[in-house]
Amino acid sequence: MTFQEQIQQGIPPILPAAKPFDPQINHAPKRKEILSEEEKKLALKNALRYFDPKFHAELLPEFRKELEDYGRIYMYRFRPDYEMKARNIEEYPGKSQQAKSIMLMIQNNLDYAVAQHPHELITYGGNGAVFQNWAQYLLTMKYLSEMTDEQTLTMYSGHPMGLFPSHKDAPRVVVTNGMVIPNYSKPDDWEKFNALGVSQYGQMTAGSYMYIGPQGIVHGTTITVLNAFRKIKKEPKGGLFLTSGLGGMSGAQPKAGNIAGCITVCAEVNPKITKIRHDQKWIDEIHGNLDELVKRVKKAQENKETVSLAYLGNVVEVWEKFDKENLHIDIGSDQTSLHNPWAGGYYPVGILFEEANKMMAENPDLFKEKVQESLRRHAAAINKHTQKGTYFFDYGNAFLLEASRAGADVMSEQPTLGREFKYPSYVQDIMGPMCFDFGFGPFRWVCASGKPEDLQKTDDIACAVLEEIMKNSPNEIQQQMQDNITWIKGAQQNKLVVGSQARILYADAEGRMKIAEAFNKAIKNGEIGPVVLGRDHHDVSGTDSPYRETSNIYDGSRFTADMAIHNVIGDSFRGATWVSIHNGGGVGWGEVINGGFGMLLDGSEDADRRLKSMLFWDVNNGISRRSWARNEGAIFAIKRAMEIEPNLKVTLPNLVDENLL
């Protein structure tokens, strides 16, 4: 069968042969046993409902074994035999170009070079899933191949509910992930619902088909590292940045450090992912000996090198060793997946990687105890360095939150309504006031032709647009504009592409609309192929997350989620090709609500109309919320937006004299 025929077939009418477990692939750890015997029967019934009853007797023991061995039913037998990668949009079967663009993005999320655990359909973060099982993937792709522009596919946490009649300006796909009743958002609730096959953790861009590999976070991390050095009034050259995590998102850190021009030490316990990042040239060297690492760092400091060093081991050991050796760390953070602390997101110090994986599944209570013990040590070592002048910030991965829950010394001595911890979130200190409040966030695009030359042309177009905008930009955003022009000019030489021909670029509403308009014109003129627009959910208005995206909201509303919900509703009727809303994301199940979109540009007048309407709302919704919280930069930005667009009328806050209070 051809690739197109396999897509159109969906779930095959004849059972494919069982597939052997491939130990060469980076697999998800075994999930802890959480279902009762009756619930296991329910999980099996839920899995088997995808298949003709004549196959149930054969599939039942196989699915039962998967549930016992891995804690989930992945349906490995149904993994397709074709290569999993984003193809040229014209290679996909179907009646709707918009639907084809979504198939392309789904396959990119599951590309072996992109996905963290591809056979378990997990893109990044240890549990950020595109689907719960392979039957859902097959059925979704079949629906997309049949869809017209008068239909909408509804996705329930990876499950394709079906095609429903709609209209051409409606989203082609509406995605929800993990949208449970609020009282059922504890980590064990997710474990149970996911094991039952009724809900999933979509992370941010994993379950919304908009992940573009580690590049997606490289730009934001580069901006963060650059501005962290600016905060301590030091040049990055010869400066030391210590952090941890080389997985999907965190793998961006050493690459960003190299672009910023500092020395990066990034610890990682998983040898497979460490090798992948080294093979991809996202890290320069791997070290497994602490004494050798210290020597190498000192040499790099003396020579003011720009270099990224991976330490294959636990980061707690590095913090402690560098303290003992009195090796100065300029800036420090952590980007392990602490939103998922008990299921592989964070590994305890002093326990071998494979041992820890075994303990996680077989003795979860002891594993939790070891993780919390490690977090206390981790925080204690960081505290020693900050007393010597290290600037430490939480990277929005719930490090400080989970450390506080473990009883670590991370709480502020003078807590305020907005900052409980002794260290700031990077959003509080850097991204919030410098980027999000002014409307700058992670705009991204994918060249649906798959051609590198199209990506080069879009880079050139975006750069020209930004340089033209910057001529008349106010002083308040000149630094942001220059950082982004510098970024896009160096994008090709930094070799950021992993998977699809994609690019990320921080831009405000004006930049996003003008870049998208220029792309659409180039497509119409036949200069480039179609382009998929999107963004990270980690943006100005897509996400309500009190310990990350909205951590610099100080009016008491940071635990509300109106903004994210309004964002996705507004994107839906303003022309997005697909929209998504998730519970979870980078800081944990029950800790955040986040929304995203995708939009196909095809050179049409319809696309031009949609992009202007949707992108303006997608950014200014968040700026208006931030301005109402009295954020100075956002008040400036929303006033400017109202001057540009007379139909925009936003309620502005009246500021109270502090002396009166």
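The values are calculated or read from the model by the stated rules, or taken from the named source; none is laboratory data. All of these numbers come straight from a predicted model, not from anything done at the bench. Cβ placement follows ideal geometry from the backbone for every residue including glycine, while neighbour counts extend to all protein chains displayed. Side chains are part of the model used for accessible areas, which takes the heavy atoms of the whole protein and leaves out ligands, DNA and RNA. Shrake-Rupley method; radii C 1.70, N 1.55, O 1.52, S 1.80 Å.
A few remarks follow.
- The conditions of being under 22 Å from ILE635 (Cβ atoms), of a type in the set (Asp, Glu) and either surrounded by fewer than 19 Cβ atoms within 10 Å (Cβ to Cβ) or within 23 Å of the chain's Cα centre (by Cα) (or both) are met by ASP508.
- Cβ-Cβ under 9 Å pairs, at least 6 apart or on other chains, the stretch 426-437 side within 16 Å of GLY586 (Cα to Cα), far side part of a helix (DSSP H, G or I) and β-branched (Val, Ile, Thr): TYR426/THR224; MET431/ILE223; MET431/THR224
- Number of the exception - GLU268 against (1) crowded, with 23+ Cβ neighbours inside 10 Å; (2) at pLDDT below 95; (3) closer than 20 Å to THR123 by Cβ: (2)
- The stretch 470-497, residues that are open to solvent by 10 Å² or more (accessible area, probe 1.4 Å) and part of a loop (DSSP other than H, G, I, E, B): LYS471, ASN472, SER473, PRO474, GLN492, GLN493, ASN494, LYS495, VAL497
- Taking each residue of the stretch 28-49 that is without any contact (Cβ under 8 Å) to a residue 40 or more places away in the chain and looking for partners that are open to solvent by less than 50 Å² (accessible area, probe 1.4 Å) and assigned to a loop (DSSP other than H, G, I, E, B) with beta-carbon atoms closer than 8 Å, six or more apart or interchain, yields LEU44/ILE73.
- Residue within the stretch 384-402 that is aromatic (Phe, Trp, Tyr) and modelled with pLDDT under 90 present: yes
- Being at pLDDT 95 or above, in contact with a Gly (Cβ under 9 Å, 6 or more places away or on another chain) and small (Gly, Ala, Ser) is a condition met by at least one residue of the stretch 513-527.
- Restricting attention to the stretch 376-393, the residues that are open to solvent by less than 10 Å² (accessible area, probe 1.4 Å) and either farther than 12 Å from ILE331 by Cα or not in a loop (DSSP other than H, G, I, E, B) (or both) add up to 6.
- Every residue from the stretch 280-293 that is under 18 Å from GLY257 (Cβ atoms) and either open to solvent by less than 70 Å² (accessible area, probe 1.4 Å) or free of Cβ contacts under 8 Å to residues at least 12 places away in the same chain (or both): GLN280, TRP282, ILE283, ASP284, GLU285, HIS287, LEU293
- Members of the stretch 23-49 that are open to solvent by 50 Å² or more (accessible area, probe 1.4 Å) and of a type in the set (D, E, K, R): LYS30, GLU33, GLU37, GLU38, LYS41, LYS45, ARG49
- Of the residues examined, VAL180 is one that is modelled with pLDDT of 95 or more, β-branched (Val, Ile, Thr) and in a loop (DSSP other than H, G, I, E, B).
- Considering (1) under 24 Å from HIS27 (Cα atoms); (2) over 21 Å from the mean Cα position of the chain (by Cα); (3) surrounded by 24 or more Cβ atoms within 10 Å (Cβ to Cβ), the lone condition that VAL198 does not fulfil carries the number (3).
- Here the condition is being open to solvent by 10 Å² or more (accessible area, probe 1.4 Å) and under 26 Å from GLU591 (Cβ atoms); of VAL173, VAL180, VAL114, it holds for VAL180 alone.
- Near pairs, Cβ below 6 angstrom, 6+ apart or cross-chain, from the stretch 527-544 (under 13 Å from MET563 (Cα atoms)) to any residue that is part of a loop (DSSP other than H, G, I, E, B) and β-branched (Val, Ile, Thr): ASP544/THR550
- Among residues of the stretch 322-344, those that are more than 30 Å from GLY584 (Cα to Cα) and either open to solvent by less than 10 Å² (accessible area, probe 1.4 Å) or assigned to a loop (DSSP other than H, G, I, E, B) (or both), counted: 7
- Hey, PHE440 open to solvent by less than 10 Å² (accessible area, probe 1.4 Å), within 22 Å of VAL318 (Cα to Cα) and either in contact with a Lys or Arg (Cβ under 7 Å, 6 or more places away or on another chain) or touching a residue at least 60 places away in the same chain (Cβ under 8 Å) (or both) or not: no
- Selection of the stretch 554-589 for residues being out of contact with any strand residue (DSSP E or B) (no Cβ under 9 Å at 6 or more places or on another chain), at pLDDT 95 or above and open to solvent by less than 10 Å² (accessible area, probe 1.4 Å) yields only GLY570.
- Given (1) in a helix (DSSP H, G or I); (2) in contact with a Ser or Thr (Cβ under 7 Å, 6 or more places away or on another chain), index of the condition ALA86 fails: (1)
- Count of the stretch 462-494 residues, restricted to those that are of a type in the set (A, V, I, L, M) and more than 26 Å from the chain's Cα centre (by Cα), is 4.
- Taken over the stretch 443-459, the criterion of being in a helix (DSSP H, G or I) and open to solvent by 40 Å² or more (accessible area, probe 1.4 Å) is satisfied by PRO452, GLU453, GLN456, LYS457.
- Apart from one condition, PRO348 fits all of (1) open to solvent by 20 Å² or more (accessible area, probe 1.4 Å); (2) under 15 Å from ALA379 (Cα atoms); the exception is (1).
- Residue match in the stretch 563-580 (condition: within 14 Å of the chain's Cα centre (by Cα) and closer than 24 Å to GLY126 by Cβ): yes
- Enumeration of residues in the stretch 369-405 that are in contact with a His (Cβ under 9 Å, 6 or more places away or on another chain) and without any contact (Cβ under 8 Å) to a residue 60 or more places away in the chain: ALA403
- Where strands (runs of 3 or more DSSP E) fall entirely within the stretch 195-312, those with at least 1 residues that are of a type in the set (Asp, Glu) and closer than 23 Å to ALA491 by Cα are at 285-287.
- Residue satisfying all of: in the stretch 248-265; surrounded by fewer than 24 Cβ atoms within 10 Å (Cβ to Cβ) and among the small types (Gly, Ala, Ser); farthest from ALA228 (Cα to Cα) among these: GLY261
- Cross-chain or 6+ apart pairs with Cβ under 7 Å, the stretch 407-425 first and charged (D, E, K, R) and assigned to a loop (DSSP other than H, G, I, E, B), then modelled with pLDDT of 90 or more and open to solvent by 60 Å² or more (accessible area, probe 1.4 Å): GLU420/MET411; LYS422/MET411
- Residue in the stretch 593-604 that is aromatic (Phe, Trp, Tyr), out of contact with any Lys or Arg (no Cβ under 6 Å at 6 or more places or on another chain) and open to solvent by less than 30 Å² (accessible area, probe 1.4 Å) present: yes
- Being over 25 Å from the mean Cα position of the chain (by Cα) and open to solvent by less than 30 Å² (accessible area, probe 1.4 Å) is a description that does not apply to ILE430.
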